[in-house]
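Participant: Next up is a structure, given as structure tokens.
What follows is calculated from the coordinates using simple rules that are stated; it is not laboratory data. Every value quoted in this text rests on a predicted model; they were computed, and no experiment measured them. Ideal geometry is used to build each Cβ from the backbone, glycine not excepted, and the neighbour counts take in all protein chains shown.
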Amino acid sequence: MTVRVGVIGGGQLARMMIAPAVELGLELRVLAEDEGMSAQLAATAVGDYRDLETVRSFVRDVDVVTFDHEHVPQEVLRALVADGVQVHPGPDALQFAQDKLVMRARLAELGVPQPDWAPVHDEGELQRFIDEHGGGAVVKTPRGGYDGKGVRVVRAGADAADWFDAAGEGEALLAEELVSFTRELAQQVARRPSGQIVAYPVVETVQRDGVCAEVIAPAPDAHDRLVQVAEQIGRRIAEGIGVTGMLAVELFETDDERILVNELAMRPHNSGHWSQDGSVTGQFEQHLRAVADLPLGATEPRSPWTVMVNILGGPAEGALEDRFARAMAEHPEAKVHTYGKSPRPGRKVGHVNVSGDDLDDAVYTARAAADHFL
Ligand code: ADP
């Protein structure tokens, strides 16, 4: 019998599950937030994912529920589980991707290396944390942040006054040590409900203005020890919190060669888009295999290097389709992926993957193809 996978959220991550679902013989259904979303081709319902009855009616005709994002409220998720619905990842795991304070506390229990951190309830507590950490810190809103929104470098407790004002009674912000990292990495693993885990090679991620701009897979100059430690961290977290589906662990590498966990994502992730063209099993296929509890696919790279460059909407005039066509014409070796979104400045509207034997060539070509959209 065909397994029906329901995806909550109609963004590009749901969109990129459509082709692999067809290939795997799965039926994909999407609950989209609006008409005309990225994943509209598979959208069988439009509605509010925060409304239990909307979600209940969507999941009635599916066998497994998974996500395009991590924002479905715990009450909704727990009600589905109580109804007997298969939810992957389940609410017990997903809470650690929904709240950064809850995540930090759990990672500490698991003994995973991470920046120094503390919950801070007011400017005084934040000031003390800053004083104890060399005069600076990073403050984060525990919930709802993305692409660097909800992350601020501070030098004084008063620098977060507006966020303390906006926080509810008794709610804390997360203060973290300001890590002077040499680069950012990401480790992805996939885990099935039955426990099988596979790990991808650790990759380097480059952010601009808090947004992922480029990914190099595998991470350059990654010696064996680094590769092993990153994989062990990914496996320990996936097992320790019972993740099902894809898990991305964002990491900092420091100049004294420590690896610290920045944050977690429990779904396909921007740091894994390279795998669509650069790995034996792309992350969207892998996520579907994992949530449907099918045997997982091999994660080996198909080529020595794969470079992913995000395409952000810019001020450029002209239809997006024309620019995609130009990029494809001039760079036939580039794999261009489009999200079907209208291009607002800074909005992710697609990405380019280029694989090859020479890293500099791959970087150059991927950037040149993406530059057609500037
Ligand atoms: P988001 O949830 O918006 O992606 P992150 O927690 O990943 O937020 O932070 C966004 C970026 O801010 C990171 O990619 C990193 O560049 C920087 N950053 C986050 N935490 C720290 C930290 N403790 N020290 C230094 N830089 C940090």
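Participant: To the nearest 0.05, how large is the calculated FRET efficiency for R78 and D116 if R₀ is 25 Å and r is the Cβ-Cβ distance?
Facilitator: According to the calculation, E is roughly 0.20.
Participant: Right, here's the next one. Using the count of nearby Cβ atoms within 10 Å as a rough guide to exposure, how do E204, E239, E263 rank from fewest to most?
Facilitator: E239, E263, E204
Participant: In addition: Can you tally the net charge around V352? Count Lys and Arg as +1, Asp and Glu as -1, for every other residue whose Cβ sits under 11 Å from the Cβ of V352. Don't skip to the answer; put the middle values down first.
Facilitator: On the way: positive: K335, R367; negative: E214, D277, E333, D371.
So the surrounding residues net to -2.
Participant: Report the calculated FRET efficiency for D293 and V227 (r = Cβ-Cβ distance, R0 = 41 Å), to the nearest 0.05.
Facilitator: 0.90
Participant: In the stretch 103-191, what GluC sites (Glu not before Pro) fall in a loop by DSSP, with at most 10 other Cβ atoms inside 10 Å?
Facilitator: E169
Participant: Just name one of T299, Q98, S57: the one whose Cα is farthest towards the positive end of the charge dipole of the chain (beta-carbon charges, Lys/Arg +1, Asp/Glu -1).
Facilitator: Highest projection toward the positive end goes to S57.
Participant: Using 16 Å as the cut-off for backbone N distance, which residues of the stretch 142-171 belong to the label zone defined by a point 7 Å from the Cα of D131 along Cα→Cβ?
Facilitator: 155-159
Participant: Charges at C-beta only: +1 for Lys and Arg, -1 for Asp and Glu. How large is the resulting dipole of the chain about its Cα centre, in Debye rounded to 20? Each step should come with its number before you reach the end.
Facilitator: On the way: 35 positive and 59 negative charges, 177 e Å.
So the magnitude is around 840 debye.
Participant: Could you give the size of the charge dipole of the stretch 27-74 about its Cα centre, using +1 on the Cβ of each K and R and -1 on the Cβ of each D and E, expressed in debye and rounded to the nearest 20?
Facilitator: On the way: 4 positive and 11 negative charges, 27 e Å.
For the stretch 27-74, the charge dipole is close to 120 debye.
Participant: While we're on this one: When the helices in the chain are scored as -39500 (n - 2.57) per DSSP H run of 4 or longer and the sum is shared across all residues, what 222 nm value do you end up with, to the nearest 500 deg cm²/dmol?
Facilitator: -9500 deg cm²/dmol
Participant: Select from G245, H121, Y200 the residue farthest towards the positive end of the dipole of the chain; place +1 on Cβ of Lys and Arg, -1 on Cβ of Asp and Glu, and compute about the Cα centre.
Facilitator: G245
Participant: Same structure again: Which of the peptides 160-166, 195-201 is most tightly packed, and how do the rest follow, judged by the mean count of other Cβ atoms within 10 Å per residue?
Facilitator: Averaged packing, sorted descending, gives the order 195-201, 160-166.
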